[in-house]
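Coordinate-derived values only; no laboratory data. This is a predicted model, so every value here is computed, not measured. A quick note on method: Cβ atoms are made from the backbone with ideal geometry, for glycine too, and the neighbour counts reach across all protein chains shown.
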């Protein structure tokens, strides 16, 4: 992972790093508006719970919007140019197969759940890249397609399959693409991620603006 600095305006940076915010402050989502290739993410924060009405309202405008998940909102924002959540749009796509039944499918299943809980922080659903809904049945199978997706993500599965004696292997490589309404195109290489708790947004450019309320 590669964290980005100096994305937040100085006013927000100073507020979020203040003792008042760390002790009694909070962030809240106000509204979200999805536009064509843009996302408007409105949020508020306060520094002191006893003076919660003294809120500041801000908008994050995401240009070149790609994807988001809106869930519980944390008390800080972190920005990345490299992250597991960005791999789908930055890394080469491939397919992961296996050719042996292997040993201890129960342990393999447990390892997969631990991967998604501990390493992926429950931000990547198990069914996102793994191809079989009946996961335990897939772990018991003798041969087949295990997952399709970015190679950097599939490499985690590869190591687990190898340890389970299932003799994994990759097949094919291609750059990730999307349909832009006219043709298949590659993603911008400068995609960024903002992450806060279980909420994340992916886009090309992040711009903050203070709102008057």
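Quick notes on this structure:
- Segment 174-213 and segment 149-170: distance between their alpha carbon centers, rounded to Å: 28
- For the chain, adding -39500 (n - 2.57) for each run of n ≥ 4 DSSP H residues and dividing by the number of residues yields -5500 deg cm²/dmol at 222 nm.
- Cut-off 17 Å, label 7 Å out along Cα→Cβ of residue 207, residues of segment 59-98 by amide N: 59-66
- 17 Å tail of the calculated P(r), segment 1-63, as % of Cα pairs: 50
- Where labels lie 7 Å past Cα in the beta-carbon direction, separation of residue 106 and residue 81 in nm: 4.7
- Efficiency of FRET from Cβ geometry, residue 113 and residue 175, R₀ 35 Å, rounded to 0.05: 0.70
- What the pair-distance distribution of segment 13-162 shows, using all Cα-Cα distances binned every 10 Å from zero, is 9, 30, 25, 19, 13, 4, 0 percent.
- Ranked list, fewest to most other Cβ atoms within 10 Å of each Cβ, for 55, 133: 133, 55
- Over segment 92-174, relative contact order from alpha-carbon pairs under 8 Å, at least 6 apart, %: 57
- Scattering profile of segment 92-174 at q = 0.24 Å⁻¹ [log10 I(q)/I(0), Debye over alpha-carbon scatterers]: -1.24
- Ratio of Rg to Rh over segment 159-213 (Cα coordinates, Kirkwood Rh, two decimals): 1.20
- Extension gain, residue 184 back to residue 137 (0.36 nm per residue minus Cα-Cα distance, nm): 13.4 nm
- Based on Cα contacts under 8 Å between residues 6+ apart, the chain shows a relative contact order of 29 percent.
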